[in-house]
Amino acid sequence: MNIDELPTAELASPGPLRESLVAAVLAGTKTATSSLRVSYAVAGEAVPAVGAHRALVDSSGERVAILETTEVRVVRLADVDDDFARAEGEGFTSRAHWRDAHADFWDSPEARAELPAGFVVDDEALVVQEYFRVLGLLSLGQLSDRDGRSPLHSLLGRRRTSRRFGADPVRVAHLGRLLLAAQGPVGAGRRSVPSAHARYPLSLTVVAGNVDELPSGVYRYQPDTDSLTLRVAGDHRWAFADATLVDRDWVAGAAAIVVIGADLDASARHFADQSPAGDRGARYVWLEAGHVSQDLYLQATEDGLGAALVAGVDDDRLHAAADGVLPGGHRPLVLFTVGSMMAPDR
């Protein structure tokens, strides 16, 4: 069986209602659907047969699941019961609730366009009740709920991008944990993120301006020794904030800016024998930068800090700001800002 070769099943019209119904099917809360019997006659289609398979489609026409019809009933509208109303999985608590919602839908212009002129939806109108199951559906969320969610899942759920920072300084210990999570040593010559051929082409440069126990300055992170070394003294946050396209003011308000840099040319040379020629090395670099960014986000979340990745930069201005402070051959890729959380409005 191939989902792309099956006839389709469409729930409601494309739009928010269809998306909510498709989501309910995939969540396992919607196991039935209903249609007026007359609509099949108008469309020249047969009522679904038990054992039939169809491809459920979303509003974009994407085939998202295979449905198998398990039971079909044709009943008067007046005979729809509470059990079927609940099986529709749309929050209906009773047949009356179900009927009110469907009456509104069947009276809508798009539904009326598919019914015979003058057709009256009353107690005698025939309703096709179709029960179905989704083939190959595994509810991963239910399995997680059964076996218990991991602390990482909670951390992922709390991760946010913050573009407003408080005035309180970031603790230097928190900055240290961020850098350790992003590129720190984990033993046997490895670091905290995966790297193609273990080359570790990235560098982390910290532009500090509001970190307690750390004087303002530009520092280079040394992964092998898990340490910082001063490159340039003074507060240079505005120089890097000025290199952003639209984020200047709030970036300058971050307690520290982590510049993620890389030696793209060295990576390109190392992976020159891998196709596509000249591009494979750069792809590995950007993947690794993504790993680093996620680790920074998660550690910031764990420590209750605000954080945001900034990729919208003017390359020339950013290169000028980073000139002389990154390792030789390295270019700045993106900025990662971190600061104390803004106090909630009272």
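A short reminder: the numbers here are calculations on the coordinates, not readings from a lab. A quick note: this is a predicted structure, and the numbers were derived from the prediction, not measured. Using ideal geometry, Cβ is built from the backbone for each residue, glycine included, and neighbour counts are taken over all protein chains shown.
Here are a few things to note about the model shown:
- Rel. contact order, % - alpha carbon contacts under 8 angstrom, at least six apart, the stretch 241-293: 22
- If R0 equals 45 Å, the separation of the Cβ atoms of Q294 and A113 corresponds to a calculated FRET efficiency of about 0.40.
- Cβ-defined net charge surrounding V246, 14 Å radius [Lys, Arg +1; Asp, Glu -1]: -1
- Rel. contact order, % - alpha carbon contacts under 8 angstrom, at least six apart, the stretch 3-144: 34
- In the stretch 1-56, taking the dipole from charged Cβ atoms about the Cα centre, the farthest positive-side position among G44, I3, L17 is held by L17.
- The convex hull built on the alpha-carbon positions of the chain has an orientation-averaged projected area of 25.6 nm².
- Here is the list for the stretch 95-202: GluC sites (Glu not before Pro) lying in DSSP coil, each with at most 10 other C-beta atoms within 10 angstrom of its C-beta, are E124.
- Other residues whose C-beta falls under 12 angstrom from the C-beta of G217 contribute a net charge of +2, scoring Lys and Arg +1 and Asp and Glu -1.
- The calculated FRET efficiency for A266 paired with A173, based on their beta-carbon distance and R0 = 25 Å, is about 0.15.
- Each Lys and Arg adds +1 at its Cβ and each Asp and Glu adds -1 at its Cβ; summed about the Cα centre, the stretch 3-144 shows a dipole of about 220 debye.
- Under the Karplus curve 6.51 cos²θ - 1.76 cosθ + 1.60, θ = phi - 60°, whole-Hz ³J(HN,Hα) for the stretch 321-333, x wherever Gly or Pro sits: 5, 8, 4, x, 10, 8, x, x, x, 8, 10, x, 9
- Axis angle, to the nearest 10 degrees, between helix 95-106 and the longest C-alpha principal axis of the chain: 80 degrees.
- The ranking of I260, I3 by Cβ neighbour count inside 10 Å, starting from the fewest, reads I3, I260.
- Potential extension, S59-S39 segment - 0.36 nm per residue separation minus Cα distance: 5.2 nm
- Point-charge dipole on Cβ atoms (K/R +1, D/E -1) for the chain, about Cα centre, debye to 20: 1320
- Extension gain from I3 to W238, taking 0.36 nm per residue of separation minus the Cα-Cα distance: 79.1 nm
- Across the chain, C-alpha contacts under 8 Å between residues 6 or more apart give a mean separation that, scaled by the residue count, equals a relative contact order of 16 percent.
- Karplus-derived 3J(HN,Hα) values for the stretch 14-24, using 6.51 cos²θ - 1.76 cosθ + 1.60 with θ = phi - 60°, are x, x, x, 5, 4, 4, 5, 5, 4, 4, 5 Hz; glycine and proline are entered as x.
- The modelled label-to-label distance between E10 and L230, using points 7 Å beyond Cα along the C-beta direction, is 6.9 nm.
- For the pair the stretch 218-249 and the stretch 1-50, the centres of their Cα atoms are 56 angstrom apart.
- Here the calculated FRET efficiency for A103 and V72, from their Cβ-Cβ distance with R0 = 25 Å, stands at 0.65, rounded to the nearest 0.05.
- Square roots of five times the Cα gyration tensor eigenvalues for the stretch 158-340, Å: 26, 18, 15
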